[in-house]
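Accompanying notes for the structure given below.
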Amino acid sequence: MNQWRKTEVEGWDAWTGETEQLVVTIVPELGGKAVSLQNRKTGREWLWRSDKPLGNEGYGTSFAAGDESGWDEMFPAIDAGAYPQAPWQGRAIPDHGEVWSRAWEHQTTSLALTCRIGGVQFPYVLEKTYTFPAADTLRTEYTVANLSGAPFSFLWAAHPLLQVREGMKLHVPNDLKVIEVSYSAEGRLGAFGSKQPWPLAHSSISGGPVDLSTVEPNAGRFAEKYYFTGRLGLGSGSGSGSGYAGISDPATGEALTFYFPADKVPYLAVWANYGGFGGNYQLALEPATGRMDELAHAVREGEVAVVPARGVYRWHLDVTLS
């Protein structure tokens, strides 16, 4: 079966890969983003789409100025800021990183799509290869190659914006019990760095509990970004070798689950936007190689991934639909 074929989305060249269970569409010119991830058996589209035209305004621009849709790669940081270490200290990293706003080179075989991109301010090559290890699973294998003679610190996080509805359930390893707030609209969960229990946090607005494990209605007020404080794979809940995060719909029985190697991707973040940011209603489960969104903060805390001089850093991310 030829699993990959060239297609077009709103005038952009795209590649669509499919199995009996799922179908995914990637646009290499737009940061190598996935614009569609569907369950073929149920017809469900998992990726959220805004009403903006597909595209962005180019390197160094705000993520919010683009279409804000689908599944992007955030690398080598999430927040805009300066690189904190020599020999690149002070070099600017744009909002959501360097790679989401630029075209990726790509090549295909019948069974794989490979996309790659080089750095602007930094000497790296980021490569990802999509395959289908099973009919219900899309695998993305990542490699960062450091082309320099100095270690390179980075943050990577997947940014798959998901379509959600009230009552859907989030699933994370049992040993993840505490979150740390990166952003909270109206300060509902506290300021940056505030810690809250998972899944029942405390609202500074209502004074009552907030069940973070259940998708809330689109109230137009709340949006949160938070990281779990624990490293995946250290406790019994996530096992010694793999991490996971999932979301399910009790109304239909459908689910989406991410699996990834906890030794290389030891952190997990959640972006839950219930209308409080840009009026959008969406949620993202974000496996990450570091913790919190600013690279300088992650370096100070020792919660960052590092590619050795002339070295490589490899990991993978599986998404399974059921």
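Read the figures in this text as sums done on the coordinates, not as results from a lab. Note that the structure is a prediction, hence the values are computed from the model and not measured. Neighbour counts are summed over all protein chains in view; Cβ atoms, including those assigned to glycine, are modelled from backbone coordinates with ideal geometry.
Ordering Gly66, Val120, Gly290 by the projection of their Cα atoms onto the charge dipole of the chain, which places +1 on the Cβ of Lys and Arg and -1 on the Cβ of Asp and Glu, puts Gly290 at the extreme positive end.
Amide H to amide H, with H built 1.01 Å from N, Gly190 comes under 5 Å of Ser204, counting only residues 5 or more places away or on other chains. In terms of surrounding Cβ atoms within a 10 Å radius of their Cβ, Ser184, Ser203, Ser110 rank from fewest to most as Ser110, Ser203, Ser184. Computed per residue of the chain from DSSP H runs no shorter than four, each worth -39500 (n - 2.57), the mean residue ellipticity at 222 nm is -500 deg cm²/dmol.
Across region 163-288, the convex hull enclosing all Cα atoms gives 98 Å³ per residue.
Straight-line reach only, C-alpha to C-alpha below 18 angstrom: list the lysines that Lys195 could link to, leaving out same-chain residues fewer than 8 apart. Cα-Cα hits under 18 Å: Lys177, Lys225.
The residue list Phe222, Ser184, Leu54 was ranked by how far each Cα lies along the charge dipole of the chain toward its positive end, using unit charges on Cβ atoms, and Ser184 comes out on top. Taking other C-beta atoms within 10 angstrom as a stand-in for reagent exposure, Thr143, Thr289 fall in the order Thr143, Thr289, fewest first.
Going from the residue with the fewest nearby Cβ atoms within 10 Å to the one with the most, Glu57, Glu294 rank Glu57, Glu294.
Taking 20 Å as the cut-off for C-alpha to C-alpha distance, list the pairs among Lys52/Lys169; Lys33/Lys128; Lys33/Lys264; Lys128/Lys169 that go past it. Pairs exceeding 20 Å: Lys52/Lys169; Lys33/Lys264; Lys128/Lys169.
Magnitude of the charge dipole for region 163-288, about its Cα centre and with charges confined to Cβ atoms of Lys, Arg (+1) and Asp, Glu (-1), is about 200 debye.
Here the chain is treated with +1 on each Lys and Arg Cβ and -1 on each Asp and Glu Cβ, and its dipole about the Cα centre works out to around 520 debye.
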